[in-house]
Amino acid sequence: MLFKKSIINASYIGSKNRKSLIDLSIPQKNNGKLIVFIHGYMGYKDWGCWNLVERYFNKLGYSFCKFNMSHNGGTEENGIDFPDTKAFEKNCYSYEIEDLEYVLNWINQKEEKTFKSIHLMGHSRGGAIALLNANNDRVDSIITCAAICDIESRFPKGKKLEEWKENKIRFIKNGRTKQELGHSYTQYEDFILNQEKLNIKNACKKIKKPTLIFHGKEDESVSINEGKKIAEWLNTSLNVIKNSKHTFGSSQPWNHDYLPKPLEELCYKTHFFLQNYFP
């Protein structure tokens, strides 16, 4: 298809002045709406079939931006998986909130007057980052996909928390790459320091913008009850995708040229939502 602009694997400067990768696609016949996609924990912009999600919306006239968090473990040279485990080790929620702000600034510098509206679309942990950034004046709506509703519950408790503090690091194995990925205790310290800012429930209750909340009925990573809580706090309905787990049928690598059915349904409903609120 024809693009007014297509930027792939460019760099933006994120939290702690760390460079990371970003894509921006603007169809020649665009509708003035930009979707900014936010990946989740142990994720990245080119995981699974996120590129096909981008293509789906491009064909409908939407511009699309996806990016790697500055400390997700990727580098400028290699944004796939986790070549820089030291960066991953230091990552925290506050960094990711800052990254999104830097991305919005980068978009503004590139295409200040192109977009009539900007919509955050976050998966898993990225859904939480979207909700926590919802009151940014540049953001017009929020779409979450299997979002977490509570950050504190992601940290260990009791003896395991004490061991983490004593050792200053703990390791979690990535099931696909088999890498033992370090998590610095500074992640927890950052949470304690910014606990009020990172309260998803409080953030939801302040949101006055259109929101669309998705969750897979068989989500094995983030309980559907978390989606129900988010929807309740927002006083909206939860869109349950049947026959769907955490990644809505996608996997890494994705060796097909089509979207899995659950993700296609999610994209269709997102398009309908955006047409309705932003005609």
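The values are calculated or read from the model by the stated rules, or taken from the named source; none is laboratory data. Values in this document were obtained by computation on a predicted structure and should not be read as measured data. Because the Cβ atoms are built from the backbone with ideal geometry, glycine has one as well, and the counts that use them run over all protein chains shown.
When segment 156-186 is filtered for residues that are out of contact with any Asp or Glu (no Cβ under 8 Å at 6 or more places or on another chain) and surrounded by 15 or more Cβ atoms within 10 Å (Cβ to Cβ), the ones remaining, listed by number, are TRP164, TYR185, THR186. Taken across segment 60-68, residues that are in contact with a Ser or Thr (Cβ under 9 Å, 6 or more places away or on another chain), closer than 26 Å to LEU266 by Cβ, assigned to a helix (DSSP H, G or I) and modelled with pLDDT of 95 or more do not occur at all. Can you find even one residue in segment 203-218 that is out of contact with any strand residue (DSSP E or B) (no Cβ under 7 Å at 6 or more places or on another chain), without any contact (Cβ under 8 Å) to a residue 12 or more places away in the chain and not acidic (Asp, Glu)? For segment 203-218, residues out of contact with any strand residue (DSSP E or B) (no Cβ under 7 Å at 6 or more places or on another chain), without any contact (Cβ under 8 Å) to a residue 12 or more places away in the chain and not acidic (Asp, Glu): present.
Per the conditions (1) in contact (Cβ under 8 Å) with a residue 40 or more places away in the chain; (2) within 27 Å of LYS33 (Cα to Cα); (3) touching a helix residue (DSSP H, G or I) at 6+ places or on another chain (Cβ under 9 Å); (4) surrounded by fewer than 19 Cβ atoms within 10 Å (Cβ to Cβ), the sole criterion not satisfied by ALA146 is (4). Please verify whether segment 10-22 includes one or more residues that are farther than 30 Å from PRO279 by Cβ, outside any strand (DSSP E or B) and free of Cβ contacts under 8 Å to residues at least 60 places away in the same chain. Yes: one or more hits.
Hey, among LYS208, LYS261, which residue is more than 23 Å from TYR56 (Cβ to Cβ) and over 18 Å from the mean Cα position of the chain (by Cα)?
Working: LYS261 fails: more than 23 Å from TYR56 (Cβ to Cβ).
One residue alone meets the criteria, LYS208.
Answer yes if at least one residue in segment 211-218 is in a helix (DSSP H, G or I), of a type in the set (Val, Ile, Thr) and within 29 Å of CYS92 (Cα to Cα), and no otherwise. No - not one qualifying residue is present in segment 211-218. Consider segment 149-198 and keep the residues that are in a strand (DSSP E or B), closer than 21 Å to ALA128 by Cβ and in contact (Cβ under 8 Å) with a residue 60 or more places away in the chain. The one that is farthest from the chain's Cα centre (by Cα) is SER184. Take the conditions (1) surrounded by fewer than 19 Cβ atoms within 10 Å (Cβ to Cβ); (2) under 26 Å from ILE151 (Cβ atoms); LYS59 misses just one of them, which is (2).
Evaluating LYS229 against the criteria (1) assigned to a loop (DSSP other than H, G, I, E, B); (2) among the charged types (D, E, K, R); (3) more than 24 Å from PHE278 (Cβ to Cβ); (4) more than 18 Å from the chain's Cα centre (by Cα) leaves one unmet condition, (1).
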